[in-house]
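The structure appears right after this line, and notes come after that.
The values are calculated or read from the model by the stated rules, or taken from the named source; none is laboratory data. Quantities reported herein were computed from a predicted structural model and do not represent experimental measurements. Cβ atoms come from the backbone with ideal geometry, glycine included; neighbour counts cover every protein chain shown.
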């Protein structure tokens, strides 16, 4: 599979409603799409970096720069027989995991189309449908959040995740439990707390949560171990796990009892597979998180979430949770039983709608030009 040329597109899609976390508020989804050409086929991937370095150090601008100046020049003209050959090719380029993940996803798409197999099949997926939940941001008031939860439970979502931060935590969770009883519920702090706030976080043990996601610093697995020892509720690490080896170290230290796998955060689907296999061998459940991806990134996540150790509902909501109009056909939809069907068509399993992609493109580049 010789990579002949590439195309980059920065796209912007307005969100159905704003999404606020402890570190910021988004009203528009920006990302970089990667399109690779090889042997008459086209493969698509997404680098879901945001406009500002808030979730991690990457941005749309840095991803574009690294892709255009470093990663794609290494790739073009090369013959690859398997997408797993890509990570060693760019290992000397430090971090920039989302940029790398966008290219690797496009390579997986090409590979699967050439082999006429689905991405889920290529990755070793075992499910025909995946359980999904919905992630809800911080709202102006609790009543607005409760209305959102009621709406999405009515649509059939199997789990609710809410963002928390100091001042928007225990009281909010109590109100949710009072209103909705024993629904499957988890919270995500996006590193908003310190170990000194452990007494407050221990109060969350009273609410039978599935997990508390990333309560402490994004680069800290030591204090997470100290906190996990004080909690009955499992800690789930997200931002702290940027390589499969980070997962091993966190499990060795007892820093968490669940891991959120985002292929983009880890540098690609290959690293996601390695983290899945490590956790499965250690008896640690994983689940698939999301980064407000367009349908291109969401398709890859759905395939990954079909693997056997993804034991908790994924943050893989239907397209209409985030976008008035997605850039794939058909859009991702929620089944009546609260699942999303895993595509069985070759590659990503969806068709990229080029007209919609062009309409939301704010800049593009062909490589070589």
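To keep it simple, each residue is scored yes or no on (1) modelled with pLDDT of 95 or more; (2) over 25 Å from residue 94 (Cβ atoms); (3) surrounded by fewer than 24 Cβ atoms within 10 Å (Cβ to Cβ).
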position	(1), (2), (3)
261	yes, no, no
272	yes, no, no
282	yes, yes, yes
295	yes, yes, no
308	yes, yes, yes
314	yes, yes, no
326	yes, yes, yes
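Are any of the residues in segment 95-103 surrounded by fewer than 16 Cβ atoms within 10 Å (Cβ to Cβ), in the same structural domain as residue 36 (by TED's automatic domain parsing) and either farther than 28 Å from residue 222 by Cα or in contact (Cβ under 8 Å) with a residue 40 or more places away in the chain (or both)?
Yes, the conditions are met somewhere in segment 95-103.
Out of all the residues in segment 6-18, is one or more free of Cβ contacts under 8 Å to residues at least 24 places away in the same chain, more than 17 Å from residue 368 (Cβ to Cβ) and not assigned by TED's automatic domain parsing to the domain that holds residue 145?
yes
Taking the conditions exactly as written (over 22 Å from residue 31 (Cβ atoms) and either buried (at least 19 other Cβ atoms within 10 Å of the Cβ) or at pLDDT below 95 (or both)), does residue 136 satisfy them or not?
Criteria not met by residue 136.
From the residues in segment 348-366 that are in a helix (DSSP H, G or I) and surrounded by 17 or more Cβ atoms within 10 Å (Cβ to Cβ), which one is farthest from the chain's Cα centre (by Cα)?
Among them, the one singled out is 356.
What number goes with the only condition from (1) touching a residue at least 24 places away in the same chain (Cβ under 8 Å); (2) surrounded by fewer than 24 Cβ atoms within 10 Å (Cβ to Cβ) that residue 301 does not pass?
(2)
What is the number of the single condition among (1) out of contact with any helix residue (DSSP H, G or I) (no Cβ under 8 Å at 6 or more places or on another chain); (2) closer than 28 Å to residue 346 by Cβ; (3) surrounded by fewer than 23 Cβ atoms within 10 Å (Cβ to Cβ) that residue 106 does not meet?
So residue 106 meets the others, but not (3).
Taking only segment 39-73 into account, find how many residues are surrounded by fewer than 22 Cβ atoms within 10 Å (Cβ to Cβ) and over 29 Å from residue 190 (Cβ atoms).
The number of residues fulfilling the criteria is 7.
Name the residues in segment 142-151 that are touching a residue at least 24 places away in the same chain (Cβ under 8 Å) and either part of a strand (DSSP E or B) or in contact with a strand residue (DSSP E or B) (Cβ under 6 Å, 6 or more places away or on another chain) (or both), would you?
If the condition is that a residue be touching a residue at least 24 places away in the same chain (Cβ under 8 Å) and either part of a strand (DSSP E or B) or in contact with a strand residue (DSSP E or B) (Cβ under 6 Å, 6 or more places away or on another chain) (or both), then 149 is the only one that fits.
Among the residues in segment 142-159, are any surrounded by 21 or more Cβ atoms within 10 Å (Cβ to Cβ) and out of contact with any helix residue (DSSP H, G or I) (no Cβ under 8 Å at 6 or more places or on another chain)?
Checked segment 142-159: at least one residue is surrounded by 21 or more Cβ atoms within 10 Å (Cβ to Cβ) and out of contact with any helix residue (DSSP H, G or I) (no Cβ under 8 Å at 6 or more places or on another chain).
Can you find, within segment 240-285, the residue that is farthest from residue 119 (Cα to Cα) among those that are over 19 Å from the mean Cα position of the chain (by Cα) and free of Cβ contacts under 8 Å to residues at least 12 places away in the same chain?
Ranking the candidates gives 252 first.
Of all the residues that make up segment 310-347, how many are touching a helix residue (DSSP H, G or I) at 6+ places or on another chain (Cβ under 8 Å), farther than 28 Å from residue 20 by Cβ and assigned to a loop (DSSP other than H, G, I, E, B)?
4
Being out of contact with any helix residue (DSSP H, G or I) (no Cβ under 9 Å at 6 or more places or on another chain) and closer than 21 Å to residue 287 by Cβ is the filter here; which residues of segment 160-188 pass it?
If the condition is that a residue be out of contact with any helix residue (DSSP H, G or I) (no Cβ under 9 Å at 6 or more places or on another chain) and closer than 21 Å to residue 287 by Cβ, then 161, 163, 182, 184, 186, 188 are the ones that fit.
Residues being over 21 Å from residue 136 (Cβ atoms) and in contact (Cβ under 8 Å) with a residue 60 or more places away in the chain: count how many of those fall in segment 338-364.
Of the residues in segment 338-364, 16 are over 21 Å from residue 136 (Cβ atoms) and in contact (Cβ under 8 Å) with a residue 60 or more places away in the chain.
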